[in-house]
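Presented below is the structure to which this report refers.
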Amino acid sequence: LSEPDVSIVSGLKDMVVLEGDDVTFRCQVSHENAKDVEWKLQDVALQSNEMNEISVEKGKVHTLTLRKVTEQDIGTITFRVGPHTSTA
């Protein structure tokens with residue numbers, strides 16, 4: 001049984017935030033329980049920790065929240081599911 005090909009339905013949007021604020025990126029995919037999912041900031045894979053909150057809403061909307069952003073957080077956010085990517 002092969003996994004359904006998960007595609008990105010609604011991609012990331014560019015965000016402008018003030019230093020010290022939180023920012024949330026959302027990406028909607030076509031199927032629930034997508035397995036091969038990855039978030040990156042400037043090509044560095046992100047894990048859920050006290051600074052980054054990675055979650056899934058309603059099964060298909062993957063979210064990344066960066067807490068209290070600093071100038072070091074400026075850069076490209078990439079969401080990847082399988083072979084598909086979206087950047088902001």
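Would you check which residues across region 45-84 are over 18 Å from SER30 (Cβ atoms) and aliphatic (A, V, I, L, M) and list them?
Result: ALA45, LEU46, MET51, ILE54, LEU64, LEU66, VAL69, ILE74, ILE77.
Has region 79-86 got any residue that is modelled with pLDDT under 95 and of a type in the set (Lys, Arg)?
no
Which of the residues belonging to region 22-44 are of a type in the set (S, T, N, Q) and modelled with pLDDT under 95?
Hits for region 22-44 are ASN33, GLN42.
Inside region 8-63, counting only strands (runs of 3 or more DSSP E) that do not spill past its ends, which hold 2 or more residues that are among the hydrophobic types (A, V, I, L, M, F, W, C) and more than 14 Å from SER86 (Cα to Cα)?
52-57
Pairs under 6 Å by beta carbon, first residue open to solvent by less than 40 Å² (accessible area, probe 1.4 Å) in region 51-76, partner of a type in the set (Phe, Trp, Tyr), six or more apart or different chains?
Filtered contacts from region 51-76: LEU64/PHE25; LEU64/TRP39.
With the checklist (1) among the polar types (S, T, N, Q); (2) at pLDDT 95 or above; (3) surrounded by fewer than 15 Cβ atoms within 10 Å (Cβ to Cβ) in hand, flag the one item GLN47 doesn't pass.
(2)
The values are calculated or read from the model by the stated rules, or taken from the named source; none is laboratory data. Note that this is a predicted model, so its numbers are computed, not measured. Note that we place each Cβ from the backbone using ideal geometry, even for glycine, and neighbour counts take in every protein chain shown. For accessibility, only protein heavy atoms count, side chains too; no ligands or nucleic acids. Shrake-Rupley method; radii C 1.70, N 1.55, O 1.52, S 1.80 Å.
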